[in-house]
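**Student:** Here's a structure for you.
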Amino acid sequence: MKYERIRNFVNGSFVNVSSPRTLIITSPTDGTLLAEMPCSSATDLDEAVKAAKAAFPAWSKTPIKERVQVFFRYKYLLEKNLQELAALVSEENGKTLGEAIAEVEKCIELTEFATSLPQLITGEVLEVSKGVECRTSHVPLGIVASIVPFNFPAMVPNWTIPNAIALGNCMIIKPSEKVPLSLNVIAMLLKEAGLPDGVFNIVNGDSEIVNAICDHPDIEAVSFVGSTKVAKIVYQRATQNLKRCLALGGAKNHLLVLPDAKPGMTAQNVAASMSGCAGQRCMAASAMIGVGAVDHIVQKICDEVKKIIPGQNLGAVINKESKERIERYITDAEKQGAKILVDGRGVIVAGKENGTYVGPTVIDYVTPDMAIAKEEIFGPVISILRTNTIDEALVIENANPYGNAASVFTENGGMARYVVDNASAGMIGVNVGVPVPREPFSFGGWNESKFGVGDITGKSSIEFWTKLKKSTTKWNPEEGVNWMS
């Protein structure tokens, strides 16, 4: 193994796991055996929760302006260690180094937002009657948990870590069992930044530990990012145990392309959206709806896609099973009558023969009833559907059960506004292939892309990670009492 056996991070130190069950971590880039990861048990989770409970009283009572000083230092350390962390993200996830660098840069932006929280949770105060004031304040929940996916080993954890902890909570985080290494580096950077022991803890494992998190009586809130199938299970189990839960699921994002769209810009955006991070992101475009005469744009898209080379500017998909599943979708669509314009099946990268690569793929004349048009592919594949009108396109977009993102490419402002107003998705783009909001705007979809109230990042996350306390104060008994006091 390239790295030593993975351990949990509890109370400021790496500790061994009690369970004998293990998994092998392999790099999708070239098949290198990276590490052995033991699967934690409920007993291991208990130890992490005990550490968090012990740390919570002091951390929650630390003024927020002092708490965020940790994240000023953490931001500096992310910047200082950017290349090292990005290289590890690339190695364990399979994305290109450039994509991994961008991922860490997003971690820095997320942390920067957390340092602004003292200015955003000042609360409100109002004299509601003579000598009587009402005041609100945001109070931390206690012990919270974050369950994160494989596709962004550093960024998605940082959707929750800076905000939840800066707001006074102590955290248990469960990395994806496919990519547990990057979080170890993050744990050490937080410790170096001065985060007290026990405030941040890592518990490695698989579905057993997810269930234990949802069931643990001392965990107040759970955030989850992953597939819709699992998001539903986590949301139902956590809320059944009377916890707050925000569970983000999958997506089927549509790009609506009108004939007046700028061909070059549109082609670049579509190609980047469908292939970035090998298509393994919930904001990837996996379906394009061409409205009217768009053959000239489709050709431009194919030209752009052919510039994307596996092993160079296109990373690997996470494992062999994913590669086989993605290629099966392509083959089934072809059998059902779709036309393969650019074929990414059967890719082998020289020197990385054990890597799991799928080439960028463009499929035209896909119909709405095909599986590839309805289901999340999670690979570098774009399916092109055809309609005559924007309303027909919106029917297809809004019929899909997900609601993460949608984009429209056009030079017509009125048409763009019509799509923004009528597409059933939480994040909309106009001439933007990946409409991820920047901080302080929050990330979150609709429909079966999200279960729970609020969003996971930005200002909206404050309501999830805190509870609102209201106090009413009267110091002037000489004024007497009326119905307001």
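The values are calculated or read from the model by the stated rules, or taken from the named source; none is laboratory data. Not measured: the values here are computed from a predicted model. When we count neighbours, we look across all protein chains shown, and the Cβ atoms used for this are built from the backbone with ideal geometry, even at glycine.
**Student:** Quick one: how many residues across region 28-44 are crowded, with 22+ Cβ neighbours inside 10 Å, under 15 Å from GLU177 (Cβ atoms) and under 24 Å from the mean Cα position of the chain (by Cα)?
**Tutor:** From region 28-44, those crowded, with 22+ Cβ neighbours inside 10 Å are 28-29, 37, 40, 44; that's our starting set.
Still in the list and also under 15 Å from GLU177 (Cβ atoms): 28, 37, 40, 44.
Within this subset, residues satisfying the condition of being under 24 Å from the mean Cα position of the chain (by Cα) are 28, 37, 40.
So the count comes out to 3.
**Student:** Please find, among LEU82, LEU117, LEU110, the residue that is more than 26 Å from ASN151 (Cα to Cα), modelled with pLDDT of 95 or more and not assigned by TED's automatic domain parsing to the domain that holds LYS323.
**Tutor:** From the options LEU82, LEU117, LEU110, the qualifying one is LEU117.
**Student:** Checking PHE441 against (1) at pLDDT 95 or above; (2) more than 30 Å from VAL132 (Cα to Cα): exactly one of these is not met. Which one?
**Tutor:** (1)
**Student:** Another question, if that's okay. Being in the same structural domain as GLU375 (by TED's automatic domain parsing) and more than 17 Å from GLU375 (Cα to Cα) is the requirement here; does GLY279 meet it?
**Tutor:** For GLY279, the condition - in the same structural domain as GLU375 (by TED's automatic domain parsing) and more than 17 Å from GLU375 (Cα to Cα) - is not met.
**Student:** Can you confirm whether ASP260 is closer than 17 Å to THR389 by Cβ and charged (D, E, K, R)?
**Tutor:** When the stated conditions are applied, ASP260 passes them.
**Student:** While we're on this one: Quick one: would you say ALA114 is of a type in the set (Gly, Ala, Ser) and either touching a Gly at 6+ places or on another chain (Cβ under 9 Å) or under 30 Å from GLY359 (Cα atoms) (or both)?
**Tutor:** Against the criterion (of a type in the set (Gly, Ala, Ser) and either touching a Gly at 6+ places or on another chain (Cβ under 9 Å) or under 30 Å from GLY359 (Cα atoms) (or both)), ALA114 does not qualify.
**Student:** Please note which strands (runs of 3 or more DSSP E) are completely contained in region 109-202 and include at least 2 residues that are polar (S, T, N, Q) and surrounded by fewer than 21 Cβ atoms within 10 Å (Cβ to Cβ).
**Tutor:** Filter on region 109-202 gives 132-140.
**Student:** Looking at this structure, is GLY276 in a helix (DSSP H, G or I) and surrounded by fewer than 23 Cβ atoms within 10 Å (Cβ to Cβ)?
**Tutor:** no
**Student:** Just one of the numbered conditions (1) within 19 Å of PHE152 (Cα to Cα); (2) in a helix (DSSP H, G or I); (3) in contact (Cβ under 8 Å) with a residue 60 or more places away in the chain; (4) out of contact with any Ser or Thr (no Cβ under 8 Å at 6 or more places or on another chain) is not true of VAL104; which one?
**Tutor:** Here VAL104 clears every test but (3).
**Student:** Of the numbered conditions (1) over 19 Å from the mean Cα position of the chain (by Cα); (2) assigned to a helix (DSSP H, G or I); (3) of a type in the set (S, T, N, Q), THR472 fails exactly one; give the number of that condition.
**Tutor:** So the condition that THR472 fails would be (2).
**Student:** Then there's this: Please count how many residues of region 1-42 are within 27 Å of PRO196 (Cβ to Cβ) and touching a Pro at 6+ places or on another chain (Cβ under 6 Å).
**Tutor:** Final tally of qualifying residues: 3.
**Student:** As an exercise: evaluate VAL222 against (1) in contact (Cβ under 8 Å) with a residue 60 or more places away in the chain; (2) assigned to a helix (DSSP H, G or I); (3) touching a strand residue (DSSP E or B) at 6+ places or on another chain (Cβ under 6 Å) and give the number of the one condition it does not meet.
**Tutor:** (2)
**Student:** Looking only at region 210-219, which residues are of a type outside the set (S, T, N, Q) and in a helix (DSSP H, G or I)? Don't jump to the end; show me each part of the working.
**Tutor:** Kept after step one, since they are of a type outside the set (S, T, N, Q), are these residues of region 210-219: 210, 212-219.
Correct list: VAL210, ALA212, ILE213, CYS214, ASP215.
**Student:** Considering every residue within region 48-57, establish whether at least one is in contact with a helix residue (DSSP H, G or I) (Cβ under 8 Å, 6 or more places away or on another chain) and surrounded by fewer than 20 Cβ atoms within 10 Å (Cβ to Cβ).
**Tutor:** no
**Student:** Hey, which of the strands (runs of 3 or more DSSP E) in region 280-367, taking only ones fully inside, have at least 1 residues that are charged (D, E, K, R)?
**Tutor:** Correct list: 339-342, 361-364.
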